[in-house]
2 protein chains.
Amino acid sequence: MKNYNYTTYAILGILTTDCRTGYAIKQMIDRSLNHFWKISYGQIYPTLKLIVEEGLATISVSPDETKPGKNEYYLTLKGKEVLKNWLEEPIEQIPVERNELLLKLFFGRHQSNEKTVHQLGEYKRKLETRYATYTGIEQAITNDLGKEADASYWLFTLDYGKRVTKAAIEWCTFTLEEISKEE
Amino acid sequence: MKNYNYTTYAILGILTTDCRTGYAIKQMIDRSLNHFWKISYGQIYPTLKLIVEEGLATISVSPDETKPGKNEYYLTLKGKEVLKNWLEEPIEQIPVERNELLLKLFFGRHQSNEKTVHQLGEYKRKLETRYATYTGIEQAITNDLGKEADASYWLFTLDYGKRVTKAAIEWCTFTLEEISKEE
DNA sequence: GCCCTCATGTAATATGTTACATGATTTG
DNA sequence: CAAATCATGTAACATATTACATGAGGGC
């Protein structure tokens, strides 16, 4: 079976939910997958085009004749198969996040402790905001649990985000103490 | 001051250590920064060229006339300034890792629990290997602590890797239990 | 002699971001 | 009626990966 890139699989996956337009796909990823995936319109629209060309989805312009065409995408059988097939494939490798803060800290010897502390503090603050966002999303999903068949899986990925973020926050706290101590 | 991309700053940073050739830079990143950064030769050599063109480093072909030119790069004053300047700049944003496993898990409803469990198990195994690698590197750095001026900063970044990886492993354990329970 | 590591580099390709253009519909 | 949101799309650019080519030197 032909291979596609992650962007394509991500979009195929989203199309199993109720998101059917390019715009809605962007919303979904920004709101619910934002802790492990992101995407831009510059990827979405060309990829949707490709998906249709490949026969993985069909486009159905909204039937309401008065409205300007809102392109709604529906997975074909082939599309569903391609998605299932990819889901089963083993994970190639665990991701390497490119972390700007760690890169700077790695060369921290060339900077004053004061500035390093400031950056760590800022980073910690951002992580805390992120953590709060996750908790919020968790609440939202839990509240209408029955409605959404995917809910339990979404909560698993959120739990990942929360745990890892919490560990990172604790690291910040510890490292801030250590660096402050040094001088 | 002119802006460069992360790849450029990463290489400028590495050049403050004893890595002076393109090959050595690749080694260094693969071995010591691999938990938060990666790079390919296709980036290194063109970037080194740019760095010299911009006057951020000078190239000094190894003096030994018998050997074939081994290009050694040395930061110029301007190079050091550009690096320092970047180190002080605030972090733009906390990274969004693109996590293939979480993407698949998000759509886990469309797969059998058995297969999901298998993938989670594999992922956990890889994380454990990674954790062991970090511990190994930590030992190596700690052992010749006095020698390397950067050691304490390197240990901080390693600690980050260990903490976050540990949290991810614990999440795997928990999630594996939950999913196994479901059926 | 063969394989491995050291060492440099490029070209083709793949992927992703940013900025822009356009216009409808909804909400206050 | 203004502003925000919904909605689609592209072009230029930036970035990164992969595969390949080349060759020296050292160890077995």
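Computed from the coordinates by the stated procedures, all read-outs in this text should not be read as laboratory data. Predicted, not measured: the structure shown is a model, and the values here were computed from it. Quick reminder, even Gly has a Cβ in these numbers, built from the backbone with ideal geometry, and neighbours come from all protein chains shown.
Dipole orientation for the protein assembly as shown: of the candidates A:TYR160, A:LEU56, B:GLY13, A:LEU56 has the Cα lying most toward the positive pole (charges on Cβ; Lys, Arg +1; Asp, Glu -1).
As a test of the formula, what do you get for the protein assembly as shown when each DSSP H run with n ≥ 4 contributes -39,500 (n - 2.57) and the sum is divided by the residue count, at 222 nm and rounded to the nearest 500 deg cm²/dmol? Write down the numbers at each step before the final one.
Details: 14 runs with 230 residues, N = 366.
It comes out at -21000 deg cm²/dmol, rounded to the nearest 500.
Decide, for segment B:6-88, between rounded, prolate and oblate: order the square roots of the alpha carbon gyration tensor eigenvalues as a ≥ b ≥ c, take rounded if a/c falls under 1.5, and otherwise choose prolate if a/b is larger than b/c, else oblate. Note, shape of segment B:6-88 comes out oblate.
What FRET efficiency would be calculated for the residue pair B:ASN5, A:THR21, taking the C-beta separation as r and a Förster radius of 45 Å, to the nearest 0.05?
Numbers: r = 33 Å, r/R0 = 0.74.
FRET efficiency, B:ASN5 to A:THR21: 0.85.
Are there any trypsin sites (Lys or Arg not before Pro) in segment A:7-42 that are in a DSSP loop and have at most 11 other Cβ atoms within 10 Å? List them by number. Mind showing how you got there, number by number?
Working: sites: A:ARG20, A:LYS26, A:ARG31, A:LYS38; in loops: A:ARG20, A:LYS38.
Answer in residue order: no site qualifies.
For B:THR133, neighbours were defined as the other residues whose beta-carbon sits under 11 Å from its Cβ, and their charges (Lys and Arg +1, Asp and Glu -1) total +2. Extending 7 Å from the Cα toward the beta-carbon at both A:LEU50 and B:GLU177 defines two label points whose distance is 4.1 nm. As a ratio to 2.2 N^0.38 Å, the alpha-carbon radius of gyration for segment A:100-182 is 1.43.
Would you kindly give the portion of the calculated P(r) for the protein assembly as shown that falls above 29 Å, as a percent of all Cα pairs?
Details: 33878 of 66795 pairs.
Considering the protein assembly as shown, 51 percent of its Cα-Cα pairs are separated by more than 29 Å.
What is the magnitude of the charge dipole of the protein assembly as shown about its Cα centre, with +1 placed on the Cβ of each Lys and Arg, -1 on the Cβ of each Asp and Glu, and no other charges, expressed in debye to the nearest 20?
Values: 48 positive and 52 negative charges, 99 e Å.
Using only the charged Cβ atoms, the result is roughly 480 debye.
Here B:LYS70 is the anchor, and the lysines within straight C-alpha reach of less than 25 Å, apart from those fewer than 8 places off in the same chain, are B:LYS26, B:LYS38, B:LYS49, B:LYS78, B:LYS80.
With contacts taken as Cα pairs under 8 Å at a separation of at least 6 residues, chain B carries a relative contact order of 18 percent. Bridging of B:LYS166 to lysines at a Cα separation below 16 Å is possible for A:LYS162, A:LYS166, B:LYS124, B:LYS126, once same-chain residues fewer than 8 apart are set aside.
Residues whose amide H lies under 5 Å from that of B:GLU72, counting only those 5 or more places away or on a different chain, are B:SER60, B:VAL61, B:SER62; hydrogens are built 1.01 Å from N in the peptide plane.
Using the Cβ-Cβ distance between B:LYS70 and A:SER60 with R0 set to 45 Å, the FRET efficiency from 1/(1 + (r/R0)^6) comes to roughly 0.15.
Each Lys and Arg adds +1 at its Cβ and each Asp and Glu adds -1 at its Cβ; summed about the Cα centre, segment A:100-182 shows a dipole of about 240 debye. Of the three principal axes defined by the Cα atoms of chain A, the extents in descending order read 69, 37, 36 Å. Among the residues of A:150-156, the average count of other protein chain beta-carbon atoms within 10 Å of the residue beta-carbon is 6.
When only the Cβ of Lys, Arg, Asp and Glu is charged (+1, +1, -1, -1), the dipole of chain B relative to its Cα centre reaches about 280 debye.
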